[in-house]
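Peer 1: Input: one structure, supplied below.
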Amino acid sequence: MAKDDKLSVAAPEKWMAGWDKIYQKMLGAPDEELAEVEVGHPIQSLHHAMRITEVEPEELRVLELACGDGSVACSMAKLGMKVKAVDALVNAVAVTQRRMRILSLSDNMDVSLMDIDGWSIELESYDIVIALQCLQYLFDRAIPRFRELLAAVKPGGFIVYSGNILPHFETDPSIRFITEAELREELVGWTFHSFGTDQVLQKPNDLRGYIWVVARKPQETE
């Protein structure tokens, strides 16, 4: 992929360029480093939820928006899931594809350069939908897109979400935080397997709030 492949998205170009530089640097990492796949608390919570609900991973359909370095997508594919991973950053897609090839996961993964918004998702078409640290950059479209993701989850499937909340430094334009109250309202009737908030001091005078949820959609009743 070339620089000309970059997409026009809601987030400011300077933000996108900064994030893309991170993934560009990762492209220079050795294969051995990219072969190591580590996931954070929300995905660990998903795995726990699947174990206690006795949901087997093989052949599950997964959609991940803003796949970043591909760690989450590859961790799902390693378990036998069929993963569609999208990102609007050229180098993020390149890193994900390289990690996919290193781990021999091409048969289980479809990685595409795409905006995380602006395209329809078939209703109840995925067993797991993942959106980590990305919907807030859709601004006024954050909640509508979240609703579309919920509608794309099959009965008995899972949504995995994370984002920022206050406290957070001011941005221009302002990030659209999805609050705890809004998440609870949108997920009425779902089973919460993990729901929490945290505050992290990234550096002096940079305290940031985080929120995450792993929830299961109600199963169809006979």
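Peer 1: If you take just the strands (runs of 3 or more DSSP E) that sit entirely in region 1-120, which of them hold at least 1 residues that are closer than 30 Å to Asp172 by Cβ, in contact (Cβ under 8 Å) with a residue 40 or more places away in the chain and touching a helix residue (DSSP H, G or I) at 6+ places or on another chain (Cβ under 8 Å)?
Peer 2: Numbers: elements: 61-65, 82-87, 109-113.
So the answer is 61-65, 109-113.
Peer 1: Further question: Mind listing whichever residues of region 121-156 are in a helix (DSSP H, G or I), out of contact with any Ser or Thr (no Cβ under 7 Å at 6 or more places or on another chain) and within 22 Å of Arg216 (Cα to Cα)?
Peer 2: First, the residues of region 121-156 that are in a helix (DSSP H, G or I): 135-152.
From what is left, the residues that are out of contact with any Ser or Thr (no Cβ under 7 Å at 6 or more places or on another chain) are 135-151.
Within region 121-156, Leu135, Gln136, Ala142, Ile143, Pro144, Arg145, Phe146, Arg147, Glu148, Leu149, Leu150, Ala151 qualify.
Peer 1: Next question. Applying the selection to region 19-41, what residues are closer than 20 Å to Leu105 by Cα and among the hydrophobic types (A, V, I, L, M, F, W, C)?
Peer 2: Across region 19-41, the qualifying residues are Met26, Leu27, Ala29, Leu34, Ala35, Val37, Val39.
Peer 1: Here is a further query. Return yes or no: is Leu207 loosely packed, with under 11 Cβ neighbours inside 10 Å, in a strand (DSSP E or B), out of contact with any Asp or Glu (no Cβ under 9 Å at 6 or more places or on another chain) and of a type outside the set (Lys, Arg)?
Peer 2: Values: loosely packed, with under 11 Cβ neighbours inside 10 Å: no; in a strand (DSSP E or B): yes; out of contact with any Asp or Glu (no Cβ under 9 Å at 6 or more places or on another chain): yes; of a type outside the set (Lys, Arg): yes.
So Leu207 fails the test.
Peer 1: Take the residues of region 82-104 that are surrounded by 21 or more Cβ atoms within 10 Å (Cβ to Cβ) and touching a Lys or Arg at 6+ places or on another chain (Cβ under 9 Å): which is farthest from Asn164 (Cα to Cα)?
Peer 2: Applying the filter and picking the extreme gives Val83.
Peer 1: Continuing with this model, one more query. Would you mind finding the one in Gly40, Gly70 that is among the small types (Gly, Ala, Ser), closer than 16 Å to Ala131 by Cβ and surrounded by fewer than 16 Cβ atoms within 10 Å (Cβ to Cβ)?
Peer 2: Details: Gly70 fails: surrounded by fewer than 16 Cβ atoms within 10 Å (Cβ to Cβ).
After ruling out the rest, the residue left standing is Gly40.
Peer 1: Taking interchain pairs and intrachain pairs at least six residues apart, which have beta carbon atoms under 6 angstrom, with the first residue in region 131-147 and in contact (Cβ under 8 Å) with a residue 12 or more places away in the chain and surrounded by 16 or more Cβ atoms within 10 Å (Cβ to Cβ) and the second hydroxyl-bearing (Ser, Thr, Tyr) and not in a helix (DSSP H, G or I)?
Peer 2: Note: pairs meeting the criteria are Ala131/Tyr161; Leu132/Ser162; Gln133/Ser162.
Rule-based calculations on the coordinates, nothing more; no lab input. This one's a predicted model, so the numbers in the text were calculated from it and none came from an experiment. Cβ sites come from the backbone with ideal geometry, for glycine too, and all protein chains shown count toward neighbours.
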